[in-house]
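> Here it is, the structure in full.
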Amino acid sequence: MCVTNRRDFFRIAGSGSVAVVLTGASALSAFNSERIDTNFNVVEQIDPWIELNMEHLASNVNEVRRKIGKRPIMAVIKCNAYGHGAVEIATALQNNSHIQHFAVVKVREALTLRQNNIRGMILNMGPFNRSEAKEVIKHRISQAVYSDAVDVLAEEARKLGKTATVHIYLDTGLGRVGVPHRKALAFIEKVSAMPEIKIEGIFTGMTEDDEMDRMQIERITAVCEAANMKGINVGIRHAAASAEVDRYPFTYLDMVRPGNCLVGLEPERQHSMKIRPVMSFKTRVIYVKKMYPGESISYHRAYKITKETLIATLPCGYSDGYPPVVLNKADVLIRGRRYRTVAPITANHTMVDITGAENIRIGDEVVLWGKQGKEQITKVELEMLAPNATNTYRMATRTRSYLPRVVV
């Protein structure tokens, strides 16, 4: 058994780490404080954390711009920027890459961005209630509309003496939400006649089906042309998400709306862009011990030891966002080498078989996904271990918001 005191722990932990700064909303949640703790240092972090490579983020933006030319980018940072941290990602995109348009799917997400000095267009593509309508208007949030809920928005705008800004959401084939394209002109006429409403744009969600995508663009184009014939300006047209930016220039219209490619969720699956992952998921070894035949790990003795084995315990489990479906299949990186996870992944712990690696100590950095030395573990690699149970989107978005997000 390896015993290490606290002073030795931080000395060992710091041997292979760099100092980083915690930023954005995650700092507030992580420290339950009204200010960001700029003294945060990952050397002292024991529990799991997320590292964000902002150079990769900027590089991904450049790849998108290489494809789309001078069109503006509306960065989709829904679901806490796919788990990366919406405030952190939006701030970097605004300040470093000069992106001025953002999209989310919750009013709360939009308001959080405004409260953290995101200044440009913020589109809420999701629903809203009456009280949220007031906040949307007060904080200059652009709102997607496709139903009679637009009447509520107009009513609240009238009470406030302000104008609500909207984007018409068309259903051209995805089939989830949106005014059906066949009924869109009548809806657009209704909205354009409301003095309290300004139409800023019109958009649709793509199916990512080769044949259907082309038909969808034909449909939104026809709707826009019909509105124009009626003297109605529908504003900015946008349809292309990450997949379309990568493969289908005919979908670009006036603005593109990428999300997952900006944060590098699936670099391996891009056809024409050199996308790089922004997120790494890390933790530390908190315990090392030898176990002997007949001993077991976890509830109900789920994993039985059959030979002398060296086991490392990690303070990270499914409650933090590590996928339990990869048990006994996934590797982690410690000191630049791969080691296999064993036993059930529980809420707060993951166990690793490190037999033969006597140099691993309490406090060593562990990479759950990301790069360490010459080795790398990707989310796609983990997805392929349980393709029917998880995917890269689920893994990234399920990393908990309480985990510190740090910039490297």
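Yes/no matrix, rows are residues, columns are (1) within 19 Å of the chain's Cα centre (by Cα); (2) modelled with pLDDT under 95:
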site: Met255; (1), (2): no, no
site: Met279; (1), (2): yes, no
site: Tyr287; (1), (2): no, no
site: Pro293; (1), (2): no, no
site: Ala302; (1), (2): no, yes
site: Ile311; (1), (2): no, no
site: Cys316; (1), (2): no, no
site: Asn328; (1), (2): no, yes
site: Arg337; (1), (2): no, no
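Let's see how each residue does on (1) charged (D, E, K, R); (2) within 25 Å of Ile188 (Cβ to Cβ); (3) not assigned by TED's automatic domain parsing to the domain that holds Ile217:
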residue: Gly85; (1), (2), (3): no, no, no
residue: Ile89; (1), (2), (3): no, no, no
residue: Asn95; (1), (2), (3): no, no, no
residue: Arg114; (1), (2), (3): yes, no, no
residue: Phe128; (1), (2), (3): no, yes, no
residue: Ser131; (1), (2), (3): no, no, no
residue: Ile141; (1), (2), (3): no, yes, no
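> Still on this structure, I have one more. Which numbered condition in (1) in a strand (DSSP E or B); (2) farther than 21 Å from Leu265 by Cβ; (3) touching a helix residue (DSSP H, G or I) at 6+ places or on another chain (Cβ under 7 Å); (4) not hydroxyl-bearing (Ser, Thr, Tyr) is the only one that Met351 fails?
(3)
> Right, here's the next one. Only residues that are part of a loop (DSSP other than H, G, I, E, B) and among the β-branched types (Val, Ile, Thr): list them for segment 217-249, please.
Listed by number, the residues that qualify are Ile232, Val234.
> Run down Thr313, Thr306 and say which single residue is free of Cβ contacts under 8 Å to residues at least 60 places away in the same chain and closer than 24 Å to Glu365 by Cβ.
Of Thr313, Thr306, the one residue that is free of Cβ contacts under 8 Å to residues at least 60 places away in the same chain and closer than 24 Å to Glu365 by Cβ is Thr313.
> Considering only segment 353-383, state which residues are in contact (Cβ under 8 Å) with a residue 60 or more places away in the chain, out of contact with any Leu (no Cβ under 6 Å at 6 or more places or on another chain) and not basic (Lys, Arg).
Ile360, Ile362, Gly363, Asp364, Glu365, Leu368, Trp369, Gly370, Thr378, Val380
> I've got another one for you. Could you tell me whether any residue of segment 214-234 is over 19 Å from Val105 (Cα atoms) and touching a residue at least 60 places away in the same chain (Cβ under 8 Å)?
yes
The values are calculated or read from the model by the stated rules, or taken from the named source; none is laboratory data. Small disclaimer: the values here were computed from a predicted structure and weren't measured. Positions of Cβ are backbone-derived with ideal geometry, glycine not excepted, and every protein chain shown enters the neighbour counts.
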